[in-house]
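This report concerns only the one structure given below.
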Amino acid sequence: QVQLVESGGGLVQAGGSLRLSCAASGFIFRINFMGWYRQAPGKQRELVAVIGSGGSTNYADSVKGRFTISRDNAKNTVYLQMNGLKPEDTADYYCCINAYWGQGTQVTVSS
């Protein structure tokens, strides 16, 4: 019943920005976890950013200072603002809310 629909991925040049969105449809009784993961070709999936119930945030060292996770509870949407993109940010990005996963959105950063 619950679906997470991602959008905002695409091709961008190094130094550019993208904003990923993840909108949840269906009923989620309580949100215990909201975060973004990414997986680059040949690499393990890594946790990129997490936002806690109180609004606290945590980031992977590789994106700290460049990425910002935020949410709009009224819209059941979580965002990932990505600035200063680097080629090594190229990956498939997945949002996660509780046990639900988005379909993934591809981010490609060219040099």
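Values quoted throughout were computed directly from the atomic coordinates according to the rules given, and no laboratory measurement underlies them. Fair warning: this is a prediction, and the values are worked out from it, not measured in the lab. Ideal geometry is used to build each Cβ from the backbone, glycine not excepted, and the neighbour counts take in all protein chains shown.
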Any idea how far apart S110 and N98 come out in nm if each label point goes 7 Å out from Cα toward Cβ?
4.1
In nm, what is the difference between 0.36 nm times the number of residues separating R19 and I31 and their Cα-Cα distance?
2.1 nm
How big, on average over all directions, is the shadow cast by the Cα convex hull of segment 36-111, in nm²?
5.4
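About the Cα centre, and with charges only on the beta carbon of Lys, Arg (+1) and Asp, Glu (-1), how big is the dipole of the chain? Nearest 20 debye, please. Could the numbers behind the result be given before it?
Values: 10 positive and 7 negative charges, 31 e Å.
Computed charge dipole of the chain: roughly 140 debye.
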Can you give me the long-range amide H partners of V48? Hydrogens built in the peptide plane at 1.01 Å from N, cutoff under 5 Å, separation of 5 or more residues or another chain.
W36, Y37, R38
Note, ³J(HN,Hα) from phi for segment 33-49, Karplus 6.51, -1.76, 1.60, rounded to Hz, x at Gly and Pro
8, 9, x, 10, 10, 9, 9, 8, x, x, 10, 6, 5, 10, 7, 9, 7
Determine which lysines satisfy two conditions relative to K86: a Cα distance under 18 Å, and not lying fewer than 8 residues away in the same chain.
K43, K64
